[in-house]
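Student: Quick one: the structure is below, and I'll ask about it shortly.
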Amino acid sequence: MEGNVEGVQDHVDLVQEQWRRERPDLDPSPQGVIGRVHRLAAALTAELTAVYAQFGLSEAEFDLLASLRRAGAPYELPAGELADHTMVTTGGLTKRVDRLIERGLVVRTDAEDDRRRRLVRLTPEGVELIDRAFTAHLANEHRLVALLPAGDAAAVRDASRRWLAALGHD
């Protein structure tokens with residue numbers, strides 16, 4: 001069977017077998033890729049969010065703090081730009097920012113050049129927390145990628161880049 005690795009059948013193999021039995025007129029082979037990528041994404045998300053939780057952060061909060069930290073000193077972005085970086089609506093962003101303000105990790109400020117424009121800035125406590133959390137995050141990502149042989153990791157990296165580009169995502 002195409003999906004078997006070293007004679008081991010996984011959940012996706014079972015699903016494909018069932019569809020082949022129930023609908024022999026259809027070709028379920030894309031599930032060998034799509035189903036596994038979907039399951040892999042869920043498994044990786046669980047592995048990643050476990051590390052964020054060690055720092056008291058949700059995935060969305062980690063993403064927001066990391067976006068501000070990547071912006072460079074003074075670690076601030078306009079709210080609208082931050083929403084773009086974190087792929088959330090400005091309404092959803094407001095709630096996240098409010099929670100992080102309560103924790104003393106970010107502040108809202110007015111832009112010096114335009115008082116109507118609001119900025120979100122990391123506090124020193126926010127910088128310290130995201131630096132620690134990101135260090136642990138990268139160690140976790142290294143651990144996860146090391147589960148694959150180096151050639152497989154490079155193949156996944158390159159194939160996923162091409163696939164995302166073909167779908168119009170960068």
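Student: Kindly establish whether A111 is at pLDDT 95 or above, small (G, A, S) and either farther than 17 Å from S67 by Cβ or open to solvent by less than 100 Å² (accessible area, probe 1.4 Å) (or both).
Tutor: On the way: at pLDDT 95 or above: no; small (G, A, S): yes; either farther than 17 Å from S67 by Cβ or open to solvent by less than 100 Å² (accessible area, probe 1.4 Å) (or both): yes.
Against the criterion (at pLDDT 95 or above, small (G, A, S) and either farther than 17 Å from S67 by Cβ or open to solvent by less than 100 Å² (accessible area, probe 1.4 Å) (or both)), A111 does not qualify.
Student: Still on this model: Evaluate the following for Q54: is it of a type in the set (S, T, N, Q) and modelled with pLDDT of 95 or more? Walk me through how you get there before you give the answer.
Tutor: Numbers: of a type in the set (S, T, N, Q): yes; modelled with pLDDT of 95 or more: yes.
Yes: the conditions hold for Q54.
Student: Moving to a separate point now. Regarding region 75-92, can at least one residue be identified that is farther than 23 Å from T135 by Cβ, surrounded by 14 or more Cβ atoms within 10 Å (Cβ to Cβ), hydrophobic (A, V, I, L, M, F, W, C) and modelled with pLDDT of 90 or more?
Tutor: no
Student: To continue, here is another question. State all residues of region 130-170 that are under 16 Å from L48 (Cα atoms) and of a type in the set (A, V, I, L, M); if no residue qualifies, say none.
Tutor: Narrowing region 130-170 to residues under 16 Å from L48 (Cα atoms): 130-147.
I130, A133, A136, L138, A139, L144, V145, A146, L147, listed by residue number.
Student: Could you say which residue among V37, V15, V8 is at negative phi, touching a helix residue (DSSP H, G or I) at 6+ places or on another chain (Cβ under 8 Å) and of a type in the set (A, V, I, L, M)? Steps first, answer last, please.
Tutor: On the way: V37 fails: touching a helix residue (DSSP H, G or I) at 6+ places or on another chain (Cβ under 8 Å); V8 fails: touching a helix residue (DSSP H, G or I) at 6+ places or on another chain (Cβ under 8 Å).
None of the others qualify; the one that does is V15.
Student: Got at least one residue in region 116-136 being exposed (fewer than 13 other Cβ atoms within 10 Å of the Cβ) and among the small types (G, A, S)?
Tutor: No - not one qualifying residue is present in region 116-136.
The values are calculated or read from the model by the stated rules, or taken from the named source; none is laboratory data. The structure presented is a predicted model; accordingly, all values stated were derived computationally and were not measured. Reconstructed Cβ throughout: ideal geometry from the backbone, glycine too, with neighbour counts over all protein chains shown. For accessibility, only protein heavy atoms count, side chains too; no ligands or nucleic acids. Shrake-Rupley method; radii C 1.70, N 1.55, O 1.52, S 1.80 Å.
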